[in-house]
Amino acid sequence: PPSQKWKSPYPHGNKIIAATDDRGTTHSIFHDTDMACTASLAEFMDLGPTQIAAAPEGRPTWGDKNARWSRAYAHFGLEVPKQRVRLLRGRRGEFVPYFNAGFVAFTEAPRDDGRRFGDLWLDTARDFDFNCAIANKRPWLDQITLPLTTARFGYDVRVLDEMHNYSLSHRLNYSKTPDATILHYHRHRFLCQAPQWPALRDTMIDRVPSAFRDPLDAYLAEVEAPPED
């Protein structure tokens, strides 16, 4: 669709705009490009008409201080939910509902007004961006407004475990990376250290058209080269 206007440039907003596309499906999943899927995602076909699924963020990157969440919810006439989720990195503390927007599964069921979840997320994000006087919205506007959207329009969140958004960045021991459904690798060098990488690499090679094999082989040789002493 045509590009949406934000209060200031916001490339991360592309995911929200993409979520508004009508793909003609009953369910959709948005996932970042720096993710590797290792298993079927058919489990999300059973999301109900007012459900989404997402995994908590690793750390409290926004709203840990200054009562920002209270102000954010109050902007829409809401109170902060009593529910807490357990964050997935660091101290793994409990926090207000706050999800990593790199993987979001949602129903495409329309509401009575014809709008679907993606439309509601975009409406919430743009309203919050333009009209809520609160600091440091970027780059977290998508993650801030995801739980605001669910609260505002009565969606339930299926809180996923770490296996559905397993962050590979800066792990101490990549040999112990579990068989996660989604590997969120952030940088290719982290993915190359995971035990799942050889199988993922071979699958990718098999699926890349022959015209692109030479540049792919050159790239793989570069990223898989052992570090120099």
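The values are calculated or read from the model by the stated rules, or taken from the named source; none is laboratory data. Here the structure is a predicted model, which is why all the values come from computation and not from measurement. Cβ placement follows ideal geometry from the backbone for every residue including glycine, while neighbour counts extend to all protein chains displayed. All accessible areas refer to the heavy atoms of the entire protein, side chains included, with ligands and DNA or RNA removed. Shrake-Rupley method; radii C 1.70, N 1.55, O 1.52, S 1.80 Å.
Dividing the alpha-carbon radius of gyration of region 172-217 by the rule-of-thumb value 2.2 N^0.38 Å gives 1.29.
Size of region 52-170: Rg and Dmax of its alpha carbons, in Å, are 14.0, 45.
Think of each Lys and Arg Cβ as +1 and each Asp and Glu Cβ as -1; about the Cα centre, that makes the dipole of the chain roughly 1020 debye. Taking one quarter of the surface of the convex hull spanned by the alpha-carbon atoms of the chain gives a direction-averaged projected area of 15.3 nm².
The residue among A67, V85, L41 whose Cα reaches farthest toward the positive pole of the charge dipole of region 38-113, with charges on the beta-carbon of Lys, Arg, Asp and Glu, is A67. What list of whole percents do you get for P(r) of region 26-120, with Cα-Cα distances grouped in 5 Å bins up to the one holding the largest distance? So the P(r) values, bin by bin, are 3, 11, 16, 19, 21, 17, 9, 3, 0. Mean projection of the Cα convex hull over all viewing directions, computed for region 120-226: 10.3 nm². Can you give the angle from 0 to 90° between the axis of helix 117-131 and the longest principal axis of the chain, with both taken from C-alpha atoms, to the nearest 10? Taking the Cα atoms of the chain, the angle to 117-131 is about 70 degrees. Measuring nothing but protein heavy atoms, the accessible surface of region 143-201 at 1.4 Å probe radius is 49 percent carbon and sulfur.
From the helices alone, meaning DSSP H stretches of at least four residues, give me the mean residue ellipticity at 222 nm for the chain, per-run term -39500 (n - 2.57), in deg cm²/dmol to the nearest 500. -9000 deg cm²/dmol, from helical runs alone. The aspartates and glutamates within cross-link reach of K65, meaning a Cα-to-Cα straight distance under 20 Å and a gap of 8 or more places when in the same chain, are E57, E79, E94, D129, D142. For region 153-196, the alpha carbon convex hull comes to 88 Å³ per residue, rounded to a whole number. Comparing A194, A151, A135 in a Gaussian network model of the chain where C-alpha atoms under 10 Å apart are linked, the largest mean-square fluctuation is found at A135. Relative to the longest principal axis of the Cα atoms of the chain, the long axis of helix 141-153 lies at roughly 50 degrees. Need one word for region 114-169: rounded, prolate or oblate. Basis is the Cα gyration tensor (sqrt eigenvalues a ≥ b ≥ c); a/c below 1.5 gives rounded, then a/b vs b/c decides. Because a/c hits 1.5 or more and a/b fails to exceed b/c, region 114-169 counts as oblate.
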